[in-house]
Amino acid sequence: MSERPTTAGNGAPAEAIEPSGTLRPTIRDVARAASVSVGTVSKALNNNGSLRQETRERVIAAAKALGLRP
């Protein structure tokens, strides 16, 4: 089993962010961890739409911390 990251990308401990119950993290888990909407996660991960760079980076960090894979 791999170790869990120590933060969820938004500064919160990873233990504070509970996955949705699936085996792999979902876009909803990333949205919750980054405190943004699912649509914002989609825009950030697909590099579409106009988002603040800070928001895009926070979403990407949360996705990495949770181990989101396409």
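The values are calculated or read from the model by the stated rules, or taken from the named source; none is laboratory data. Please read these numbers as outputs of a predicted model, since none were measured by experiment. Note that each Cβ is placed from the backbone with ideal geometry, even for glycine, and that neighbours are counted across all protein chains shown. Quick note on the areas: whole protein, heavy atoms, side chains included, nothing else; ligands and nucleic acids left out. Shrake-Rupley method; radii C 1.70, N 1.55, O 1.52, S 1.80 Å.
Can you run phi through the Karplus equation (6.51, -1.76, 1.60; θ = phi - 60°) for the range 48-56 and list ³J(HN,Hα) in whole Hz, with x for Gly and Pro?
In residue order, the calculated couplings are 10, x, 9, 10, 5, 4, 4, 5, 4 Hz.
Could you work out the local net charge near residue 59, counting Lys and Arg as +1, Asp and Glu as -1, over the other residues with Cβ closer than 11 Å to its Cβ?
+3
If you count only protein heavy atoms with a 1.4 Å probe, what accessible area per residue comes out for the range 22-70, rounded to a whole Å²?
Value for the range 22-70: 64 Å² per residue.
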